[in-house]
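See below for the structure under consideration.
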Amino acid sequence: MKSKILMIIVLVIFSSCGDILEKDIKDCEIEIYSPGNIAVVKDKQKIKFSWEEDLNATKYLLQISKPSFKEPNEIILDTIIDKSPLYYMLKEGEYTWRIQARNNYSCGKFKSKSLVVKKDEIK
């Protein structure tokens, strides 16, 4: 009986080591590559959302709001993804997007950028 209890304790300790060994990333702030601040893109075009990946992050929270997170009219996207980039199509309008690094231990700081989507103009 004692050996079974000892075996269970050992299994619990080793199965949770990943959580203990992950680094705290609460001060992590992601570098955004695209779209940059106040970027203007064409309507009906997939937009590439990309950022520098953090070595200690296992996933990323990406959110898109219309027009901003301070005064949101609509949350367009709220998703967890494993890596950069993400391609997403937006309708004409003003948006703010943000990214946050995460792991099983902690969450980093949000990094935000503004984005304007305009219709194609026929010339």
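Below, the figures for the structure above:
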item	result
Kirkwood hydrodynamic radius of region 61-100, Cα pairs, Å	10.6 Å
Of all DSSP beta bridges in region 25-118, antiparallel share, percent nearest 5	85 percent
Descending principal axes extents, region 25-118, alpha-carbon based, whole Å	39, 24, 19
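Since every read-out is calculated from the coordinates, none of them should be taken as a lab result. On a predicted model such as this, the values are computed, not experimentally measured, just so you know.
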